[in-house]
Amino acid sequence: MAELVKEHGATKLFGVLLLIFTISLIVVLALVPSNKFQQQMETEVKALSLLLNDTRWGEVTNNVSLNYYKYYENSGLREKVDLTLTPKGDYKLKQIVKNYKGESVLQRAATNIHIMSYQIIYRVTVIQYWIWLMLPLLFAMIYEGYTARKIRLYEPEQISIKGSRLWTRSIVYLILISFTYLVLPNLLGQYAPWYPVATLFLTGYAIRNTVKNYMKVA
């Protein structure tokens, strides 16, 4: 991560994340019907219940609901989206939309933003759950890399700089992939709940190898 920031700058990384979010937002608002988007989200939530027992699944979905109402409903964001895209007063925007018979387009956009907001909050909450559950495994993987590096410090063979950069960059790519997962609609169907598990495992493995291959001090 530090290497990418050093070579390309934090601004470029942020720009890539912003581009991914913008493209996803355009796709969701312009191309995805609200009923299909809603169905994809419901499929993802139901699929999670197959991985967890009823108690844990209930805890996760309850936390999602609490976070959604706290950060989206009660914060006033939902109301602002509705007022902006589906104004109830005599706004110029509403008149323009009526003239071009596109009121349903704005209604779909508002509905999709509501669903997308729920999706992001849901996936962030699920990732937090898996992080806590997989924390011992992730810690063990990173500690294994640290131990392997200490052993290699006493070996005559030099650590490959290219290999070290490869694993460092892979962490950045996994971050980009994870961000994409947050904002894209469910393209994996019932297999979607496995995505954060696999990504967290790969991230732990990448950090392990980054630590293991960290260049020796001369």
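Return the residue satisfying two criteria in turn: it lies in segment 170-185 and is of a type in the set (Ser, Thr, Tyr) and within 14 Å of the chain's Cα centre (by Cα), and of such residues it is farthest from VAL126 (Cα to Cα).
Ranking the qualifying residues of segment 170-185, first place goes to TYR173.
Being of a type in the set (Ser, Thr, Tyr) and within 20 Å of TYR191 (Cα to Cα): is that true of SER75 here?
Here the answer is no, as SER75 does not meet what is asked.
Would you point out which residue out of SER24, SER65 is within 12 Å of TYR118 (Cα to Cα) and not in a loop (DSSP other than H, G, I, E, B)?
Just one listed residue meets the conditions, SER65.
Can you say whether THR86 is touching a helix residue (DSSP H, G or I) at 6+ places or on another chain (Cβ under 7 Å), at pLDDT below 90 and either at negative phi or not aromatic (Phe, Trp, Tyr) (or both), as far as the supplied structure shows?
Yes: the conditions hold for THR86.
Pairs, please: C-beta under 7 Å, at least 6 apart or cross-chain, first residue closer than 18 Å to THR125 by Cβ and in segment 186-214, second part of a loop (DSSP other than H, G, I, E, B) and among the small types (Gly, Ala, Ser)?
Here the result reads ASN186/ALA192, each pair linking segment 186-214 to a residue that is part of a loop (DSSP other than H, G, I, E, B) and among the small types (Gly, Ala, Ser).
Out of VAL28, VAL97, I need the residue that is surrounded by 12 or more Cβ atoms within 10 Å (Cβ to Cβ) and modelled with pLDDT of 75 or more. Which one?
VAL28
Exactly one condition in (1) exposed (fewer than 12 other Cβ atoms within 10 Å of the Cβ); (2) modelled with pLDDT of 75 or more is not met by ALA10; state its number.
Condition not satisfied by ALA10: (2).
Matching residues to (1) in a loop (DSSP other than H, G, I, E, B); (2) modelled with pLDDT of 85 or more; (3) touching a Pro at 6+ places or on another chain (Cβ under 7 Å); (4) among the β-branched types (Val, Ile, Thr):
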residue	(1), (2), (3), (4)
LEU133	no, yes, no, no
MET141	no, yes, no, no
ARG165	no, no, no, no
VAL172	no, no, no, yes
THR180	no, no, no, yes
PHE201	no, yes, no, no
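The values are calculated or read from the model by the stated rules, or taken from the named source; none is laboratory data. Note that the structure is predicted; figures quoted are calculated from it, not measured. For neighbour counting, all protein chains shown are included, and Cβ atoms are generated from backbone atoms with ideal geometry for every residue, glycine included.
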